[in-house]
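Asks: After the C-alpha cells below, expect a handful of questions from me.
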Amino acid sequence: MSVDRIVLPFPFGSKSVHRRAFRKQLRHALCFSASPVIVDLSGHRTLDCRDINLLLDCAAQVTGRDSQLIFLVGSLAIRLVLDVVRISSLVPVLDAIEQAPDYGRIMREGPR
Amino acid sequence: MELAAVVTMPSLGQFAPAVEFPEVDSPISSIERAVSLLPILGNKLLQIWTDRIRGLGLRSLWLTSCSHDALHVGSDPQDPFRQGVERLLVINLASYAEMDLDDMLHFHCQNQSMVTEACDSNGWLGVSILNCSVAVSGRNIHTHTESSQVMRNAYPFRGYAKRIISPKERQELVADGLTGTCAMRPLGSELAQQVWIGENASLASSARVVGPSYIGDRTIVREGATIGPFASVEHDCVVDYGTTVEHAAVLPYTHLAPGLRFRKALADGGHLQDLESGTIVNLEAGCLAHRIPSESPRETHGLDVVNIASREGETAWRCPSTEWRQVKL
C-alpha cells in the first residue's frame, strides 16, 4: 500500500530565519499529516552544532504526538553522528526513501 | 659487534587522504599508518619490543622510519651496517608478538639462514634476522618476503601475536589485554575485576565503569558517564557528563562532550572512526569532541608518539624521521 509522505529538506547551515521556517513547517506537518514526516538529510556529510540542535529540536517536537518522524540520511558519516548524539535511538533513521514504507516494521521493532 | 637490533617505525611524514572527508586533515587518517605508535592500555608497543631486545643482552638499538615495508640500508653513515655488525634483528613496529627473540636467534644460527622471518598461521609478523652479507650498500631490504629475491627461512611462531595495522585490530588487542588473553596488562591498578585505572585518574561518584575496561593516567570521567565494557580511555582524556564509551577506544588528549554514545569506534581528538566500516567522521564541527592541548609539545599531528625511557637516564625519541638513530637501552 502506498502512503503519502511529506518530505522536508533539512536546512543545512542556513540562516536562523530559514531554520525558524523549517521548525514551523515541521510542526505543521506533524500536526496535520497522518503519514510519516520525513526530514531529508541526504546530500550532506557533516553536521555542525546548529544542525545537531535543530535535529534534537525535531526529535523533541514529535514527543507525545501520534505523528511519525523519520530522518533520511545520505551518508554513513551522518548516521554515525546521529548514533553518537543518540538521536537514532529516538527517531528512526533510514538510508534511502525507498525504505520509508517499512516504517510500520521499524516502529514495531524500534529504531536502530 | 655480533648482533644489532633495528626497529622500523611507520612513516608519519604526511596525511593519508581521509575516507569520508577529503577536505579535512584528520588525525585518524594518520592513525591508519601509525596505529602501532599509539598507547594501548597505557603500554607502548615500542617499549614492549625494547624490553624484549634488552632481554637479548643488547645495550642499544637503532630506530628508523620505513615506508612500503622496505628498509633502506647502507646509505646512511649512522646505520648499523656501517658499524660492522654481523647480524641484524629487524622489527617492523606493526605487530605485537609474545616472542622469545633468543629462541629465534638460535633458530637462525642453527639453520644457517641468510634471512629468518617470524611467521604465524596468518603470515609474516615483521620480525626478521638478517646476516650482514645480505645487506649491500644502498640496497632496500624488504621486510616482507614476497618482494625480496633473497631466500628466506620461516621461523614458525605459535604464541600470541596480533598485527596492529588498523584501529579495528588495535581494538582486538585491547580486548585481549583486558581479558587476559595475551600477556599485555593494562598499565594501572586493578580496582575491580577487569577494571584498571591509571595514576591520578578521576572518576566521579555517579560514573559507572563496567569491566573489562581501562581508564588511563590523569583521565577525568565525569558524573553519569559510563565506561565499558571493552572500553579503553587512554591518558589525559575527559569523558564528560553522561557520555557512554563501550567496545570503543579513546586516544590520548581527547575530550568527549556530554551525553554522547561511542560504540565500536575509535575517538581521537575531534574525529571518530567507526571500527566496522572504517568511516571517519568529523565531530569537532558539531562540538561533540575536541583535542585537549597538551602541556608538552607533541609531534606528528597530535599522535602521542614514542617515548623510550631507558633505565639509566632518559632517552626520548619523539619524532621518527627517515634517518637512523641509535638509542641506548
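Asks: Within the stretch B:234-269, work out how many residues are among the aromatic types (Phe, Trp, Tyr), out of contact with any helix residue (DSSP H, G or I) (no Cβ under 9 Å at 6 or more places or on another chain) and either farther than 19 Å from residue B:197 by Cα or in contact (Cβ under 8 Å) with a residue 40 or more places away in the chain (or both). So that I can check it myself, show each step before the final result.
Replies: Step one: filter the stretch B:234-269 for residues among the aromatic types (Phe, Trp, Tyr), giving B:241, B:253, B:262.
Still in the list and also out of contact with any helix residue (DSSP H, G or I) (no Cβ under 9 Å at 6 or more places or on another chain): B:241, B:253.
Filter again for either farther than 19 Å from residue B:197 by Cα or in contact (Cβ under 8 Å) with a residue 40 or more places away in the chain (or both), leaving B:253.
Going through the stretch B:234-269 one residue at a time, the tally reaches 1.
Asks: Scan the stretch B:267-286 for residues that are in a loop (DSSP other than H, G, I, E, B) and facing chain A (nearest Cβ under 9 Å) and jot them down.
Replies: If the condition is that a residue be in a loop (DSSP other than H, G, I, E, B) and facing chain A (nearest Cβ under 9 Å), then B:277, B:279, B:283, B:285, B:286 are the ones that fit.
Asks: Any residue that is more than 14 Å from chain B (Cβ to nearest Cβ) and surrounded by fewer than 21 Cβ atoms within 10 Å (Cβ to Cβ) - is there at least one of those in the stretch A:71-81?
Replies: Taking the stretch A:71-81 first, the residues more than 14 Å from chain B (Cβ to nearest Cβ) are A:71-72.
With the extra rule that they be surrounded by fewer than 21 Cβ atoms within 10 Å (Cβ to Cβ), the set shrinks to none.
The answer is no; no qualifying residue exists.
Asks: Which ones in the stretch B:218-233 are on the phi > 0 side of the Ramachandran plot and touching a helix residue (DSSP H, G or I) at 6+ places or on another chain (Cβ under 7 Å)?
Replies: Of the residues in the stretch B:218-233, the ones on the phi > 0 side of the Ramachandran plot are B:218, B:224, B:228, B:230.
Listed by number, the list holds a single entry, B:230.
Asks: Read through the list (1) polar (S, T, N, Q); (2) more than 14 Å from residue A:84 (Cβ to Cβ); (3) within 13 Å of chain A (Cβ to nearest Cβ), then give the number of the only condition that residue B:219 fails.
Replies: For residue B:219, the failing item is (3).
Asks: Spot the failing condition for residue B:304; the list is (1) within 18 Å of the chain's Cα centre (by Cα); (2) modelled with pLDDT of 80 or more, and only one is missed.
Replies: Of (1) within 18 Å of the chain's Cα centre (by Cα); (2) modelled with pLDDT of 80 or more, only one is false for residue B:304: (2).
Asks: Ok, one more. Within the stretch B:287-296, track down each residue that is of a type in the set (Gly, Ala, Ser) and either more than 10 Å from chain A (Cβ to nearest Cβ) or at positive phi (or both).
Replies: So the first thing to find is which residues in the stretch B:287-296 are of a type in the set (Gly, Ala, Ser), and the list is B:289, B:294, B:296.
Passing the criteria: B:294, B:296.
Asks: Still on this model: Just to verify a result, which residue in the stretch A:52-66, among those that are of a type outside the set (A, V, I, L, M, F, W, C) and within 12 Å of the chain's Cα centre (by Cα), is farthest from the other protein chains (Cβ to nearest Cβ)? Can you show your working first?
Replies: Start the filter on the stretch A:52-66 by keeping residues that are of a type outside the set (A, V, I, L, M, F, W, C), which leaves A:53, A:57, A:61, A:63-66.
Checking which are within 12 Å of the chain's Cα centre (by Cα) leaves us with A:57, A:61.
Details: A:57: 14, A:61: 19 Å.
Selected residue: A:61.
The values are calculated or read from the model by the stated rules, or taken from the named source; none is laboratory data. On a predicted model such as this, the values are computed, not experimentally measured, just so you know. Don't worry about glycine lacking a Cβ; one is built from the backbone with ideal geometry, like all the others, and counts go over all protein chains shown.
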